[in-house]
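Since the structure comes first, as structure tokens, the remarks are kept for the end.
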Amino acid sequence: MPTITVNGKVCDFTPGQTIVQAANAAGVEIPQYCYHDGLSIVASCRICLAEIWAPDAKTGQIVPQMGGKLQPTCQTPATAGMVVYADSPKAVANQKAVMEYLLINHPLDCPVCDQSGECFLQDYSYQYGRGVSRFEEQKVKNPKKDVGPHVLLYSDRCIMCTRCVRFTREVAGTAELMVQGRGNKEEIDVFPGVALDNPLSANVIDLCPVGALLDKDFLFAQRVWFLKSSPSIDGITASGDNIRIEHNQGKVYRIKPRTNLSINKWWISDEVRYGWKFVHSDERLRSPLRRQFGTLIESDYTRAYEDAVKGLRAATASGKRVALLVSPMLTCEEAFVLVKLAREADPRAIIGVGPIPTGGKDQTFPPSAKPDDKNAFTIYAEKCPNRRGVTRVLEAILGQGNVLDFAGFLRALGLGSGHSDVGAVVLTGNYPSNWVTPELTSCIDGKFVVLIDTLASSLVDDCDVLIPGATWVEKAGTFENARGMLQGFEAAIPVIELAKTEGQIALDLLAELGNEAVEPREPQTLVVQSSMGQVAAGVQVAPARATPFNAAHVRGEMAQASASLSLFITNVTMPEGETVRPSDMPIVDL
Ligand code: SF4
Ligand code: FES
């Protein structure tokens, strides 16, 4: 592989890469504002300028290029043997000058700016700027603007890198943003009467290297240095977008994209970014309920499990069958243990996959791109994360043709015919919004119903036992996305109050069916995945449970149960460890 040398470090590159790309890949820092891997190169901010030397074509001697002038490393292709000095006195003087110009009109409002703590203007001021300002005149003040449903623009913080403008043109293909004016009156703006309102609009917030484009949803919600970041997978749609869940003390504050060039590139849709709100909804089901003398009452887990198992046993004892509906919102591992539960309760159990929410058609961005294009971004019409994974697991265990779709499941419960040999139904939901259809309600009438769900719905009134489930941010598991990729993830926050993951519920019910102990356990601290050096969020009192559910162990069991599930050992990708940037200041415990 050809190499270049940047600031004394040898960096590999592939032909066609620029100096900045080679340096970034090798972990050599060259400051950069306007450059972004996913956008066209404009070389306008000028902070990446460096002295570039390269072998002379005739003599082979290393000689300065362009007469020794500084050149933009983001735009200059790397060539073999090049030597780049981004730390020479001339390059450092340029970095200081650029920082000084950028800060001339920049307000010193870091204490009230949402970007504070993750701002490249702050970081580069510290690393590359001057310690003092020589500017004594009045700063130019530009307006704050509400530019779209999700985005606020604080114009006077803008450094005119134009990343946001290029994103709307090159990725979203909607071009709502533009540059208007000249000199210190230059501003980013929307075209008159046009809002920044497209399905990818909030990506400009991530792209903005300073605090000019702000997320209305996150505005003043939390200082970023309090947030823990857990790598995860989109749990709302079939895209399997790679995300980071940012949370503090068991509460999610925002979701950001995690780069995966095979799936979501550098972006996520607004739907994925803001779709997590149901996690902390007031409608969340928080404790078990069971029916006593016709009335639903709050219950402890021991009694709820006893009643659930009694109902399932009563159905089979009377010659009726058990039916299980597995939601496509659940993980593959949960689907596996739920099927085990249903077949343990009734070897003739009827098993189906829950309704598949869809919205419109698949959308590819930019609109002119084909879904297979290298830089295309697709929003899938299917609004559940794991239809393929759940179906794969169920078919592997039950055989193809034995897994019912939702319509088939309803028919098995008697829809249309009025006849059914099903006496007990286990329903799993976990949808981010109401999923109950009148047909389902009418079909379960007169049957014993165990409902495992996350949000309150009309089904709660119709069930005999309710067990509160957990959203995807509160659990570990695997989803198979629309491209057939199996991606694992870990829990980001503890499970809400007395709810449990569906996997744990299935294990508990299995233990109850097998007359094993399901008892209250010692209070247990939930270890939440967080960045190094940060305190794990949340402590949870563990209610009655059997063996703890462990997604990795279940994947091993799956591979043993069926050869076709061995890909859960070989093909599941887990998020790579996040690079933790060491603090450049001593951390003091207060
Ligand atoms: S608003 Fe942000 S992303 Fe857009 S040009 Fe200004 S600094 Fe760059
Ligand atoms: S990053 Fe090279 S000029 Fe902006």
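The values are calculated or read from the model by the stated rules, or taken from the named source; none is laboratory data. Since we're looking at a predicted model, the values are computed, not measured. Every residue, glycine among them, receives a Cβ derived from its backbone with ideal geometry; neighbour counts consider all protein chains shown. Side chains included, ligands, DNA and RNA excluded: accessible areas come from the protein's heavy atoms. Shrake-Rupley method; radii C 1.70, N 1.55, O 1.52, S 1.80 Å.
What about Leu440, is it out of contact with any helix residue (DSSP H, G or I) (no Cβ under 6 Å at 6 or more places or on another chain), under 30 Å from Gln363 (Cβ atoms) and open to solvent by less than 20 Å² (accessible area, probe 1.4 Å)? Reasoning before the result, please.
Working: out of contact with any helix residue (DSSP H, G or I) (no Cβ under 6 Å at 6 or more places or on another chain): yes; under 30 Å from Gln363 (Cβ atoms): yes; open to solvent by less than 20 Å² (accessible area, probe 1.4 Å): yes.
Criteria met by Leu440.
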Looking at (1) in contact with a Ser or Thr (Cβ under 9 Å, 6 or more places away or on another chain); (2) modelled with pLDDT under 50, which is the only condition Leu526 fails?
-> (1)
Hey, could you check the stretch 47-60 for residues that are of a type in the set (Gly, Ala, Ser) and in a loop (DSSP other than H, G, I, E, B) and say which is nearest to Val165 (Cα to Cα)?
-> Ala57
Using the structure shown, decide if Met178 is within 16 Å of ligand 2 (Cβ to nearest atom) and either touching a residue at least 12 places away in the same chain (Cβ under 8 Å) or in contact with a helix residue (DSSP H, G or I) (Cβ under 7 Å, 6 or more places away or on another chain) (or both).
-> no
State the number of residues belonging to the stretch 443-464 that are exposed (fewer than 15 other Cβ atoms within 10 Å of the Cβ) and in contact (Cβ under 8 Å) with a residue 12 or more places away in the chain.
-> 3
For the stretch 379-483, list the helices (runs of 4 or more DSSP H) that sit wholly inside it and hold at least 1 residues that are under 14 Å from Pro328 (Cα atoms) and at pLDDT 95 or above; which are they?
-> 387-398, 406-412
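Of all residues in the stretch 245-257, count the ones that are in contact (Cβ under 8 Å) with a residue 60 or more places away in the chain and surrounded by fewer than 22 Cβ atoms within 10 Å (Cβ to Cβ). Show your work before the answer.
Initial filter on the stretch 245-257 (in contact (Cβ under 8 Å) with a residue 60 or more places away in the chain): 245, 247-252.
Narrowing further to those that are surrounded by fewer than 22 Cβ atoms within 10 Å (Cβ to Cβ): 248-252.
Going through the stretch 245-257 one residue at a time, the tally reaches 5.
Looking at this structure, is Val10 open to solvent by 40 Å² or more (accessible area, probe 1.4 Å), away from ligand 2 (no atom under 16 Å from the Cβ), farther than 28 Å from Asp206 by Cβ and without any contact (Cβ under 8 Å) to a residue 60 or more places away in the chain?
Working: open to solvent by 40 Å² or more (accessible area, probe 1.4 Å): yes; away from ligand 2 (no atom under 16 Å from the Cβ): yes; farther than 28 Å from Asp206 by Cβ: yes; without any contact (Cβ under 8 Å) to a residue 60 or more places away in the chain: yes.
It is true that Val10 is open to solvent by 40 Å² or more (accessible area, probe 1.4 Å), away from ligand 2 (no atom under 16 Å from the Cβ), farther than 28 Å from Asp206 by Cβ and without any contact (Cβ under 8 Å) to a residue 60 or more places away in the chain.
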Pull up the stretch 13-57, narrow it to residues that are more than 28 Å from the chain's Cα centre (by Cα) and of a type in the set (Ser, Thr, Tyr), then point me to the one that is nearest to ligand 2 (Cβ to nearest atom).
-> Ser44
Return the residue satisfying two criteria in turn: it lies in the stretch 17-46 and is outside any loop (DSSP other than H, G, I, E, B) and either open to solvent by less than 20 Å² (accessible area, probe 1.4 Å) or touching a residue at least 24 places away in the same chain (Cβ under 8 Å) (or both), and of such residues it is nearest to ligand 1 (Cβ to nearest atom).
-> Val20
Where in the stretch 152-215 are the strands (runs of 3 or more DSSP E), entirely inside, with at least 1 residues that are among the acidic types (Asp, Glu) and crowded, with 17+ Cβ neighbours inside 10 Å?
-> 187-190, 213-215
